[in-house]
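**Student:** Below is one structure. I have some questions about it.
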Amino acid sequence: VRPCGPGSRRGIPRGSEALSETGRSLPTMRRVCVIGAGSTKYGRLKETGREMLTEAIMQAFASTELDPRQVDGAFFGNAFAVTERQGHLGPLIMSALGIPDKPASTVESACASGGTAVREAFINIAGGFADVMIAGGVEKVSQLDTLTATSYFAYGSDFAFEGGNGCSFPGLYATMAVAHMGRYGTTEEDLAHIAVKNHANGAKNPKAHLQKAIKIDDVLKSMVVAAPLKLYDACPFSDGAAAVILASEEVAKKLTDEPVYIAGSGRAGSIAALHDRDDLTTIPGTKLATQQALKMAKLELKDVDFAEVHDCFTIAEAIATEDIGFFKHGTGHKQAREGVTANGGKIPINPSGGLKAKGHPVGATGVGQVAETYWQLLGEAGGLQVSGAEVGLTHNVGATGGSVAVHVLRRGAS
Amino acid sequence: VTGHGPGHGKAAAPALTKAKADPHQTEFHPAIHMKDQIDKIRNGTITGHECQNCHRQSLTPMMRCTCGSKDIKEASFSSEGAVESFTVQVVASEQFINEVPFAWAIIKLDKGPRVTGWIPYVAKQADLKVGQRVKYTPSYKPGMMFEKA
C-alpha cells in the first residue's frame, strides 16, 4: 500500500515514521478549533429551513473576525428538508453567504446528522483538505401535522422490521425503558427527575424551545405517548438551526490566544435494528465513539467537566450517561434525583436543557450541542454557565444508536 | 503529531483478497431480495437468516454475519414466543392510525431470534406483561401481528 493519504503531498511518500507497523500510512492530524458559533432559537419558528440555517451561520460569522471568503467548504446536518419541498441545501446557503464557489453538502444520520456534520468538517481540517469549514444543521418540521411528523420520524428506524410493525420513535425508546426498568428497577419517577432537571436548565436558556420549569407531578400526570414514556419524558419536535465555524489551529491562533479545541472526535455505529442487539439497555456505538474521542484527546472521563448528551427521551439520558461511562450500568436513572447531574452537581449533564427542554431540531441538534459547549468553555454561557468548565463532551445519537457522534472540546491546547 | 490517528494500534486488518466478481454482472445476488422472505412471513412462516458459523439469527438482512462468515442460510423460526419488552402506542404512524391503541413489542421467538410485532387491543400498560406468551397471527393488517397465546 502506497502511503498516499491526506498527509502526503500529491502521493509522494513522506518519511517512514509516518508508516504504522502494518505498513499503512497514518494520517498526520492537524489540530482543529472552534472559532465561532451561532444558533437560532429552537421552537416553532415561522422561518423556512434555508432562512434559519443562513441566520445561524451569519451569527457564527458575526462572532469571529473571519471573512466568509476564507471558508473552504461546509457540511449541513439535515434529515427532513424534502418535507419543505427543498433539497440540495448546500449551494442555497453558500450562495446566500456570497461564497457560491465553495462546496457544501447535506449529511443525514437521522438525529445524529448534526454531530456527523461536525465530524466531517473536523476530518476535512484535520486531514489537511481545508483550513476553515462550516458545520451547520437545520430542521423545519412544524409545518407537519403530528401524524405526518410521527411517520417521518419512524422512517429513521429499520422500517421494514420496526416502524412497519407499528412502532413510533418514542415506542423504540419505550421498549428500552421497559427493559431498563425490568433489569434495574428504574421507575417512572426516576425518569421524571431527569425531565425536571433538564427543564430547570432549559428555563434559563433564551434559545430553548421549552423555557419552563416543571415539577415531578407535571411529568407523571402528562399524556402517555408510548407507555411508559409520557409527553414530558419526550423532547419536542422543534424547528431551529445551529452553526459552528471550525478552523485549523494555525488560523485559530491568529484570531485568539486561547482557542477552544475539538480535542477528540469519535464516530461509531450499532446494529440498526434495536431488537437485533443482545442488550436493549445499552447503545454499543456510544461506548465506541466515546473511547475514540477520549483517546484522541488524550483525556480520561474524569477530566470532563460537563456533557451535552442525547436525551431525546428521559431514558436516553440515563442510558447515555451509563454508556459514556459517567455512571455504572443500572445507576444512570438515579443521578438526576440525587442532584449529581444538575448544574452545580458533580457532573452537570445537559446544562443547556438538552433535547428535552432546549429542543430537538433533528439536523441542528448535534451542532447546537457543540455550540453550547463552545460558549461554556469561553465562559459565555450566561445563566447556564458551568463554573470552571475546561473540558466538555457532546454526544449525539441517530435513531436508537445506529449512528453516534461524540466530540470532546477543551479550552486551550493540552 | 503522528501516531494517534484512527486505526492506529489496532490489530492488522485481514489481508485483501483479489476480487473475483465479474465486473459486467447485472443480476442481483438472490439473497438481496426481501420479497420471498416477506411473502413467506405473510403466509404464516416466520422466515429469516441464520449464520452457519456462529448461529446468529435475524429477520433483518444478513449477507455477512458480524462474525465475518458469509455462510448464511435461510431459516424458519417458530411462530410462538414471549414478550421481552413492549410499549403501548397511542400515537402511531400512518399505516397504523386505525389500530391505536395497540402494543408494539419486542418478542423472543421460542426457536428463533428476537422479532418485533404489534398486539391488538392493548390500551394501557397493565393490559400486557413482559413474559406474556404470544403467537404470530398473519392477517390482512399491516406488519406482523401477534395475539396473546
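**Student:** Within segment A:75-91, is even one residue open to solvent by less than 40 Å² (accessible area, probe 1.4 Å) and without any contact (Cβ under 8 Å) to a residue 40 or more places away in the chain?
**Tutor:** Checking segment A:75-91: at least one residue is open to solvent by less than 40 Å² (accessible area, probe 1.4 Å) and without any contact (Cβ under 8 Å) to a residue 40 or more places away in the chain.
**Student:** Let me ask something else. Just give me the residues in segment A:73-85 being in contact with a helix residue (DSSP H, G or I) (Cβ under 7 Å, 6 or more places away or on another chain) and not small (G, A, S), in sequence order.
**Tutor:** As a first pass, look at segment A:73-85 and keep what is in contact with a helix residue (DSSP H, G or I) (Cβ under 7 Å, 6 or more places away or on another chain): A:73-81, A:83-84.
Correct list: A:F75, A:F76, A:N78, A:F80, A:T83, A:E84.
**Student:** OK, next. Kindly indicate the residue of segment B:66-88 that is open to solvent by 20 Å² or more (accessible area, probe 1.4 Å), in a strand (DSSP E or B) and in contact with a Gly (Cβ under 9 Å, 6 or more places away or on another chain) and also nearest to B:M145 (Cα to Cα) among those meeting that condition.
**Tutor:** Applying the first criterion (open to solvent by 20 Å² or more (accessible area, probe 1.4 Å)) to segment B:66-88 yields B:66-68, B:70-74, B:76, B:78-80, B:82, B:84.
Filter again for in a strand (DSSP E or B), leaving B:72-74, B:76, B:80, B:82, B:84.
Narrowing further to those that are in contact with a Gly (Cβ under 9 Å, 6 or more places away or on another chain): B:74, B:76, B:82, B:84.
Values: B:E74: 22, B:S76: 17, B:A82: 14, B:E84: 16 Å.
Of everything passing the filter in segment B:66-88, B:A82 is nearest to B:M145 (Cα to Cα).
**Student:** Scan segment B:73-92 for residues that are within 14 Å of chain A (Cβ to nearest Cβ) and not hydroxyl-bearing (S, T, Y) and jot them down. Spell out the reasoning first.
**Tutor:** Here is the first cut: in segment B:73-92, the residues within 14 Å of chain A (Cβ to nearest Cβ) are B:77, B:81-92.
Scanning segment B:73-92 gives B:F77, B:G81, B:A82, B:V83, B:E84, B:F86, B:V88, B:Q89, B:V90, B:V91, B:A92.
**Student:** Kindly establish whether B:P113 is more than 9 Å from chain A (Cβ to nearest Cβ), of a type outside the set (V, I, T) and either surrounded by 15 or more Cβ atoms within 10 Å (Cβ to Cβ) or more than 22 Å from A:D279 (Cα to Cα) (or both). Break it down stepwise before answering.
**Tutor:** Working: more than 9 Å from chain A (Cβ to nearest Cβ): no; of a type outside the set (V, I, T): yes; either surrounded by 15 or more Cβ atoms within 10 Å (Cβ to Cβ) or more than 22 Å from A:D279 (Cα to Cα) (or both): yes.
So B:P113 does not fit the description; no.
**Student:** Out of the residues in segment A:207-225 that are touching a Lys or Arg at 6+ places or on another chain (Cβ under 7 Å) and surrounded by fewer than 24 Cβ atoms within 10 Å (Cβ to Cβ), which is farthest from A:H329 (Cα to Cα)? Can you show your working first?
**Tutor:** Going through segment A:207-225, the residues touching a Lys or Arg at 6+ places or on another chain (Cβ under 7 Å) turn out to be A:207-209, A:219, A:222-224.
From what is left, the residues that are surrounded by fewer than 24 Cβ atoms within 10 Å (Cβ to Cβ) are A:207, A:219, A:222-224.
Details: A:K207: 32, A:V219: 24, A:S222: 28, A:M223: 29, A:V224: 26 Å.
Of everything passing the filter in segment A:207-225, A:K207 is farthest from A:H329 (Cα to Cα).
**Student:** Among the residues of segment A:159-185 satisfying the criterion of being surrounded by fewer than 24 Cβ atoms within 10 Å (Cβ to Cβ) and not in a helix (DSSP H, G or I), which is farthest from the other protein chains (Cβ to nearest Cβ)?
**Tutor:** That would be A:G185.
**Student:** On to the next question. Which of (1) among the charged types (D, E, K, R); (2) more than 8 Å from chain A (Cβ to nearest Cβ); (3) surrounded by fewer than 20 Cβ atoms within 10 Å (Cβ to Cβ); (4) touching a residue at least 12 places away in the same chain (Cβ under 8 Å) does B:E99 not meet, given it meets every other one?
**Tutor:** (2)
**Student:** Here's something else I'd like to know. Residue check: is A:E189 closer than 26 Å to A:S39 by Cβ, open to solvent by 10 Å² or more (accessible area, probe 1.4 Å), modelled with pLDDT of 95 or more and not in a loop (DSSP other than H, G, I, E, B)? So that I can check it myself, show each step before the final result.
**Tutor:** On the way: closer than 26 Å to A:S39 by Cβ: no; open to solvent by 10 Å² or more (accessible area, probe 1.4 Å): yes; modelled with pLDDT of 95 or more: yes; not in a loop (DSSP other than H, G, I, E, B): yes.
No.
**Student:** Further, regarding this structure: If you go through segment A:242-259 one residue at a time, do you hit one that is farther than 27 Å from A:H180 by Cβ, among the polar types (S, T, N, Q) and not in a strand (DSSP E or B)?
**Tutor:** Within segment A:242-259, one or more residues are farther than 27 Å from A:H180 by Cβ, among the polar types (S, T, N, Q) and not in a strand (DSSP E or B).
**Student:** Which residues, taken from segment A:145-171, are among the aliphatic types (A, V, I, L, M) and either more than 30 Å from A:I216 (Cα to Cα) or in contact with a strand residue (DSSP E or B) (Cβ under 8 Å, 6 or more places away or on another chain) (or both)?
**Tutor:** Answer for segment A:145-171, where residues must be among the aliphatic types (A, V, I, L, M) and either more than 30 Å from A:I216 (Cα to Cα) or in contact with a strand residue (DSSP E or B) (Cβ under 8 Å, 6 or more places away or on another chain) (or both): A:A149, A:A160.
**Student:** Looking at segment A:261-296, which of its residues are open to solvent by 20 Å² or more (accessible area, probe 1.4 Å) and part of a strand (DSSP E or B)?
**Tutor:** Within segment A:261-296, A:A263, A:R267, A:G269 meet the criteria.
**Student:** Please count how many residues of segment A:321-351 are touching a Ser or Thr at 6+ places or on another chain (Cβ under 6 Å) and closer than 25 Å to A:L231 by Cβ.
**Tutor:** 4
**Student:** Would you mention how many residues in segment B:120-146 are facing chain A (nearest Cβ under 9 Å) and assigned to a strand (DSSP E or B)?
**Tutor:** Selection size over segment B:120-146: 1.
Matching residues to (1) closer than 23 Å to A:Q59 by Cα; (2) in contact (Cβ under 8 Å) with a residue 40 or more places away in the chain; (3) of a type in the set (D, E):
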residue	(1), (2), (3)
A:P228	no, yes, no
A:L231	no, no, no
A:S248	yes, yes, no
A:L255	yes, yes, no
A:A273	no, yes, no
A:D278	no, no, yes
A:P284	no, yes, no
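**Student:** I would also like to ask the following. Would you pick out the residues in segment B:20-31 that are open to solvent by less than 90 Å² (accessible area, probe 1.4 Å) and in a loop (DSSP other than H, G, I, E, B)? Before you say what the answer is, go through the steps one by one.
**Tutor:** If we filter segment B:20-31 for residues that are open to solvent by less than 90 Å² (accessible area, probe 1.4 Å), which is where we start, we get B:21-22, B:31.
Answer for segment B:20-31, where residues must be open to solvent by less than 90 Å² (accessible area, probe 1.4 Å) and in a loop (DSSP other than H, G, I, E, B): B:A21, B:D22.
**Student:** Look through segment B:32-48, keep the residues that are in contact with a Pro (Cβ under 8 Å, 6 or more places away or on another chain) and more than 11 Å from chain A (Cβ to nearest Cβ), and return whichever of them is most open to solvent (accessible area, probe 1.4 Å).
**Tutor:** Among those residues, the one meeting the criterion is B:N43.
**Student:** So which residues in segment A:226-254 are within 14 Å of A:L210 (Cβ to Cβ) and within 12 Å of chain B (Cβ to nearest Cβ), if there are any at all?
**Tutor:** As a first pass, look at segment A:226-254 and keep what is within 14 Å of A:L210 (Cβ to Cβ): A:231-240.
Hits for segment A:226-254 are A:L231, A:D233, A:A234, A:F237.
**Student:** Still on this structure, please answer the following. Just one of (1) in a loop (DSSP other than H, G, I, E, B); (2) surrounded by 22 or more Cβ atoms within 10 Å (Cβ to Cβ); (3) touching a Phe, Trp or Tyr at 6+ places or on another chain (Cβ under 6 Å); (4) within 8 Å of chain A (Cβ to nearest Cβ) trips up B:T60, so point out which.
**Tutor:** If we test B:T60 against (1) in a loop (DSSP other than H, G, I, E, B); (2) surrounded by 22 or more Cβ atoms within 10 Å (Cβ to Cβ); (3) touching a Phe, Trp or Tyr at 6+ places or on another chain (Cβ under 6 Å); (4) within 8 Å of chain A (Cβ to nearest Cβ), just (2) comes out false.
**Student:** Looking only at segment A:255-276, filter to residues that are out of contact with any helix residue (DSSP H, G or I) (no Cβ under 7 Å at 6 or more places or on another chain) and at pLDDT 95 or above; which one of those is farthest from the other protein chains (Cβ to nearest Cβ)?
**Tutor:** The initial filter retains those residues of segment A:255-276 that are out of contact with any helix residue (DSSP H, G or I) (no Cβ under 7 Å at 6 or more places or on another chain), namely A:255-258, A:261, A:271-273, A:275-276.
Retained after the next criterion (residues that are at pLDDT 95 or above): A:261, A:271-273, A:275-276.
Working: A:Y261: 12, A:I271: 8, A:A272: 7, A:A273: 5, A:H275: 4, A:D276: 5 Å.
Of everything passing the filter in segment A:255-276, A:Y261 is farthest from the other protein chains (Cβ to nearest Cβ).
The values are calculated or read from the model by the stated rules, or taken from the named source; none is laboratory data. All values reported here derive from a predicted model rather than from experimental measurement. Neighbour counts are summed over all protein chains in view; Cβ atoms, including those assigned to glycine, are modelled from backbone coordinates with ideal geometry. All accessible areas refer to the heavy atoms of the entire protein, side chains included, with ligands and DNA or RNA removed. Shrake-Rupley method; radii C 1.70, N 1.55, O 1.52, S 1.80 Å.
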